[in-house]
Structure formats: C-alpha cells, structure tokens
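Okay, here's the structure, questions in a sec.
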Amino acid sequence: MKKSVYRPHTYIVIFIVLFSIPSFIYAYLGTSGRVFVDTNGDSVQLRGFGLGGWLVQEGYMWNTSGFYGSTSVIEQKLIELVGDSSAQNFYQNYYSAYVAEEDVAQLAEWGFNSLRLPFHYKFFSTDTGVFINDGFEIIDPLLQWCSTYGIYLILDMHCAPGGQNRNDFSDGNGEEAGLWVHEYNRDWTVSVWKHIADYYSESQWIGGYDLINEPVLEGGFSSSDLRQFYIEIVDSIRTVDQNHIIFIEGNWYGNDFANLTPPFDDNMSYSFHHYVGPSTQTAWVDQYTSMSESYNVPLWVGEVGENSNHWGYHKIKLFEQHNIGWSWWNYKHNGSISVLMRVEEPDGYNSILKYWSNLGPKPSKVNAENGLQDLVTAYQFENCVSNTGLIAAFNDPNFSIKPTPFADHHIPGSLAVVEYDIGMNGVSYEDEVFEDPDKFGGNSQSWNTGWTYRNDGVDIQRSTDNVGAEYNIGWANAGDWTGYTLQTDSSGIYTVSARIASNVSGGRLRLLYNDETIGEVVTIPKTGGWQDWEYVFVGEHYIEQGDGYLQLHVVDVEFNIKDISFVFVGKPNIADDRYGNYPNPFTYETTIFLSIPLETNGSLTIYNYKGQLVKRLFNGNFSPGNMEITWKGTNHQYKAAGSGVYIYQLKTDLLTRSGKMLLIK
C-alpha cells in the first residue's frame, strides 16, 4: 500500500466540524457506573453492527473458506490472479464501496448509533517501530460521516501482530498464536495502539478502542499475563489519549474473564461475544451481569448474531433489559441472510470461486478483473438487500405480537408465497426449525434450508421457473404455515390457485382467508419434479373489499409452492334484468332466471356470504335462451341451509354472473 504522512488534524477540519454539524459538537462516549454516557451525562444504549469483511476479509464471508480463508492469503491469491496493481486497485474500490455515506445515513435513520470496525494492524504499521497512515486515510471519511449522523465508531484490532489466536479471521497461520508466543509481537501491538490513539485522541465520535479481538492464549501465557498485557496497552494509550473508552475482551474468544477483574482503568468496559444457545435461554448472561454489578462497570457484547431474526429479537431484548450495549455481526457480506445488508454474489465473481475450488477453468486476467469489479458493484449500498425482518426484530415492539406486511399485496392478482409477513415464529409463520440453538456445536442446523431471501425459519430456495416469483418455499413440514396481510380491491367471487411443484403425489395444503377455508384441503399431484411447476385449483371464495389476512397451511408433505393467484370472476347484485331470482327474500325455494346468448359449458353454484360452497345446482352444457333453475334452500348433502345471505354464481366459458339472495326462516 502507498505510504502517507498526511494527518488531517488542522484548524480547517475542526472549523468544518463545528459549524456544519452543530447538533453533535460534544460527543465523547464514556462510562458512568454500569452504563455508557455521552458528554452531557445522558445514558447511551449502544446499538449497532460490525463492519466485518471490510478491512479484514474472512474466508467464510467471501465464500473462500476451505481453500483460502485468511485475509493475507486471499490477497495473495488475488495478486496471483490479476497482478499486484489490479489487486490493489480492486481493494481501494472495495473499501470505498463497502461503506459509504449512504450506509451511515441509513443506519442512523433506522435508529442505530454505533459501528464496530475490525482492522488489521498492517494498515498502521509495516514493522516494529515503522508506522504508516493508510488506515487513517481509509477510516477518516467514515468517521466524518459518523460525526455527521451521530454514530459512534469503535475500533477493533481484529488482527494483531502474530495473530491473537490460530484462526484465519485473525490472520493466524493455524500453527501458533504468535502474539503470545513472541514478545516482540506484543511490543509491536502496544506501539500500534499508541500510534492510533495519538491520532484519534480528540476525535469525539470515536466510541473507544476494542484492544484485542477474541484472544486465545497459547500454553505458557496465563490469564494473569493477559491482564498485565492489557494494562501495558492501556498505559501506553493513556499517555496520548485520556478521552476514549477501553474495551477489554476475555480469553477464549472473548468470554473468559478470569483474572481480568477488577477493572484497571477509570473509563473501560468488559466486552464479551455471544453466538450460542437457544433464543429463550437467559441464565448464561448472569455471569456477565454479576461481574458488571460487582465492579460497577458497563458491558458491551461486541459480536452477536449469525442467527435468525427470531433468535436476534430475544437476544437484543435481553441485552437491552440489562443495559448491555450490542453490535450485531455482521453489517454486510456475500450471500448471507443473517446480516443487515445482503450482498448478492455476482456471476463474474463466482467464476473466480469456481476456479479457486477446482470446479472451473482459470478466468482470463480481464475476466477476473471484471468479476472483481462486479463484486465491488454488488457491495454498493443501492445494490444490497436490506434485512427488513432483522430491523423489525431490533426496532418493532410488535415483532413478537403482531405480524406486519413484508410486501404490499393486492387482489385480484398473484402473491409470492415467500413474501409472508414480518414477525417471529408463531406470529407471521410457523416452522419446526426457526433458529440455530447449537451454533458451532455438533447439533448446529440451518433455520432456512435454502439459505436465501429471508432470515426466518421458512425454508426458501431460488426457483428455475420462468413464471411468477423468483423464489419458492420448500422442505415444509406438516403444521408449517405462513401468513399474509393483503388488500382486496373489489368485493366478489374469486377463484384461487396455487403454483405447485412436486416429485411425489399426496402432499396437501389448506388456504384460509380471515380464518375461513377457501375451498377444501387440496391434494397435490406429482408434477414431474421439484422445479416442474403447474397451477392447482384451490377453490372459489367470496371476498369483501378491504383488509384481509391469508394463511397458507401445510397439511401434509411433500411439495414446493411459489405463487398464489386470485382471479376475480364476478360481483353480486349486478344490475342486469335478464338475471336474478324470485322470490327474494324467500323461505322455502327460489327460482334463478338466466339468459344464455350462445351454447356454452359451465356451472351454476350457490355460496354462502363467506364464500363457502353450499351447492352446485347445475354443471354441464347450457343451451341458448332463457333458463329457470330452482334452489330449494338445501346444501350439497340435501340438508336445509340456515337463514342468511347467499350468492348464486353463473360461470361459463362465455360469461360470469352473480347475484345476492336472502333466505329467511
């Protein structure tokens, strides 16, 4: 990377800050007892996201895990593919695309106030005692946007010299955690933090310094040694910076605080990470809240996530009940459904992945450069897909109580079944697996088997069908359901069909509108394959204009479903003197008068006012001319129908007519 000595701490910059954003002049984040506070002493609930994958690329985020996992190896492989100049050009474009002002502005609008920025020490130092400003040049624009929109930026040394654990996400070599094995790496780390703190000492929207991400100590280096090392870093920082919070993570990936208490600075917080356990399990947090209570120090969960919206709702609620700040992992990365902004992986980049995994030919230099540029474009804010369900899980108090629309559904028309309402399991949908309660364990499982489109328990896959929606629901179990808030534009009779694919016969589904069954339980035929699609008739239903609620229930497996179609077929009380019934109202029987212009096939059917089938009076060939058909007020079982409003519907190849009748007993 190009070295720079530019350091934009000038009175001009300060003048711009003071006079362009007067609402955020005094913004240092600090600690007061067990809470975070702003300069005015008002408590601050930290709510935000990690910028994982930005300055530290991780293999699982770029889908290179298994062959190239660490950020240094990925960079080397890119250089081998396109050359050093093109690779560095790609990185600069990628850094600019990953987070821009639009990202920060939207985060603030959504109600989030913090970002955790994982960085690699190499952006600030190339060797012991040799410092560079590359990291400042990349971070400073982000910090300016954070100051404009009122978001705290917390710096996290994600990759320390030598590696603080053996894992690829710390740029470790897999053989040793060199930070603990070699003392010169620790000295180097201390000097890098002093270099950073000196630069940002008066930057008021720097929220603090997360000293070491997820340390895992090597043999011979104890937790007491870790405490002393932390103290050494803090002492060095305090020689140049008295303003910012120090965040201390425990051993063993951030969670073991043995010998790290009591606190050793007046402005510090303990930071743990949390990925494991069922959503409703709460006792585990006591170990941290007890520490907070004992030492009167605030808590921050610097990483939490990689799980469903349902899981996230419960975890964030738990943290905020205990005044624990949190940072969801992650903001963006390739193809993930659990991040805030999903990046749709482009085909050009996929060709590079196929080559790296020995599944495809080596792309030409030009094609590889184009593929990398496609990835840059995919990371731009306007091209990412926001996780509206996750936002609701964090912000909507009704998420656990009441479904809210995911899409604007109107009928007549067709709705995509993957566009079910937003809400937790049991509120907007029901699925057997709706979270991963054993993340990283032997019983870990995916809550969305198809791992696409939504971050809920509903299993979704991309469809190959060229009709209707792009995605379908699959892998459903008996008892699963999804719900849809919709708007009916016109009262009348609707025919309802579902677009189905199945490689077996015998699956069954039920549709309910405002808790009333549409037609009967539908048995699904074998269509020829899991992506061989056809429409299956569900039933006819009278639907009133206005708001409604549709539920799709899986009665029996197995089938895929993609679209539900509502076709308007007629209104009651059509003003046409050639059609009608007499007497109306009636007590025992009524005669329905029809006028058929040409020979045609069709049916004459009676529905109750809820749209349920009562009786089919005629089904077959209609001859031209006037017809009279009598209904004796009985249902299809020849039992007397009760008093109420009924609708007759004439439906033929040529025309549809309907009318309202009143039965009084």
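Give the residues of the range 431-467 that are under 20 Å from R499 (Cβ atoms), touching a residue at least 40 places away in the same chain (Cβ under 8 Å) and assigned to a loop (DSSP other than H, G, I, E, B), sorted by residue number.
Selection gives T452, Y453, R454, V458, S463, T464, D465, V467.
For (1) of a type in the set (F, W, Y); (2) modelled with pLDDT under 95; (3) closer than 22 Å to K660 by Cβ, each residue gets a yes or a no:
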{"residue": "D480", "(1), (2), (3)": "no, no, no"}
{"residue": "Q487", "(1), (2), (3)": "no, no, no"}
{"residue": "S490", "(1), (2), (3)": "no, yes, yes"}
{"residue": "S497", "(1), (2), (3)": "no, yes, no"}
{"residue": "I500", "(1), (2), (3)": "no, no, no"}
{"residue": "L511", "(1), (2), (3)": "no, no, no"}
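Looking only at residues that are among the aliphatic types (A, V, I, L, M) and touching a Phe, Trp or Tyr at 6+ places or on another chain (Cβ under 6 Å) in the range 519-551, which one is nearest to T495 (Cα to Cα)?
I543
Quick check on this structure: which one of S357, S351, S338 is buried (at least 22 other Cβ atoms within 10 Å of the Cβ) and either over 15 Å from the mean Cα position of the chain (by Cα) or of a type in the set (S, T, Y) (or both)?
The unique qualifying residue is S338.
Inspect all residues belonging to the range 281-293 and state whether any of them is on the phi > 0 side of the Ramachandran plot, outside any strand (DSSP E or B) and in contact (Cβ under 8 Å) with a residue 60 or more places away in the chain.
no
Find the strands (runs of 3 or more DSSP E) located wholly in the range 468-585 whose residues include 3 or more that are hydrophobic (A, V, I, L, M, F, W, C), and list them.
The qualifying strands (runs of 3 or more DSSP E) are 492-502, 508-513, 529-543, 546-556, 560-570.
Related question: Which condition breaks for V240 when tested against (1) surrounded by fewer than 18 Cβ atoms within 10 Å (Cβ to Cβ); (2) in a strand (DSSP E or B)?
Of (1) surrounded by fewer than 18 Cβ atoms within 10 Å (Cβ to Cβ); (2) in a strand (DSSP E or B), only one is false for V240: (2).
Taking the range 208-237 only, how many residues are surrounded by fewer than 23 Cβ atoms within 10 Å (Cβ to Cβ) and at positive phi?
Residues that pass the stated criteria total 2.
Looking only at the range 256-275, decide whether some residue is surrounded by fewer than 18 Cβ atoms within 10 Å (Cβ to Cβ), hydrophobic (A, V, I, L, M, F, W, C) and over 37 Å from the mean Cα position of the chain (by Cα).
Checked the range 256-275: at least one residue is surrounded by fewer than 18 Cβ atoms within 10 Å (Cβ to Cβ), hydrophobic (A, V, I, L, M, F, W, C) and over 37 Å from the mean Cα position of the chain (by Cα).
Please name all residue pairs, on different chains or six or more residues apart, with Cβ atoms under 7 Å, provided the first residue is in the range 628-651 and is free of Cβ contacts under 8 Å to residues at least 60 places away in the same chain and within 25 Å of S491 (Cα to Cα) and the second residue is surrounded by 19 or more Cβ atoms within 10 Å (Cβ to Cβ) and polar (S, T, N, Q).
Final answer for the pair search is W631/T590.
Another question, then. For residues that are of a type outside the set (A, V, I, L, M, F, W, C) and touching an Asp or Glu at 6+ places or on another chain (Cβ under 7 Å), scanning just the range 543-576, find the one that is modelled with the highest pLDDT.
K562
On to the next question. List pairs: first residue in the range 150-179 and closer than 30 Å to A105 by Cβ, second residue of a type in the set (K, R) and at pLDDT 95 or above anywhere in the structure, Cβ distance under 6 angstrom, at least six positions apart or on different chains.
That search, which allows pairs on different chains as well, returns I154/R116; D156/R116.
Next question, about the same structure. Within the range 89-102, does at least one residue satisfy the condition of being touching a Pro at 6+ places or on another chain (Cβ under 8 Å), closer than 28 Å to G163 by Cβ, at pLDDT 95 or above and not in a loop (DSSP other than H, G, I, E, B)?
No, the range 89-102 has no match at all.
So which residues in the range 243-255 are surrounded by fewer than 20 Cβ atoms within 10 Å (Cβ to Cβ) and in contact with a Ser or Thr (Cβ under 7 Å, 6 or more places away or on another chain), if there are any at all?
Passing the criteria: only N243.
Also, I was wondering about something else. Which residues, counting only those in the range 496-523, are in contact with a Ser or Thr (Cβ under 9 Å, 6 or more places away or on another chain) and small (G, A, S)?
Across the range 496-523, the qualifying residues are S497, A498, A501, S502, S505, G506, G507.
Every residue in the range 248-273 that is assigned to a strand (DSSP E or B) and under 14 Å from M291 (Cβ atoms), please.
I248, E249, G250, D256, M268, S269, Y270, S271, F272
Based on this model, can you work out whether G163 counts as under 29 Å from G66 (Cα atoms), outside any helix (DSSP H, G or I), in the same structural domain as S70 (by TED's automatic domain parsing) and touching a Leu at 6+ places or on another chain (Cβ under 7 Å)?
Answer is yes for this residue.
Within the range 629-653, restricting attention to residues that are assigned to a loop (DSSP other than H, G, I, E, B) and touching a Gly at 6+ places or on another chain (Cβ under 8 Å), which residue is surrounded by the fewest Cβ atoms within 10 Å (Cβ to Cβ)?
If we take residues in the range 629-653 being assigned to a loop (DSSP other than H, G, I, E, B) and touching a Gly at 6+ places or on another chain (Cβ under 8 Å), then D653 is surrounded by the fewest Cβ atoms within 10 Å (Cβ to Cβ).
The values are calculated or read from the model by the stated rules, or taken from the named source; none is laboratory data. Small disclaimer: the values here were computed from a predicted structure and weren't measured. Positions of Cβ are backbone-derived with ideal geometry, glycine not excepted, and every protein chain shown enters the neighbour counts.
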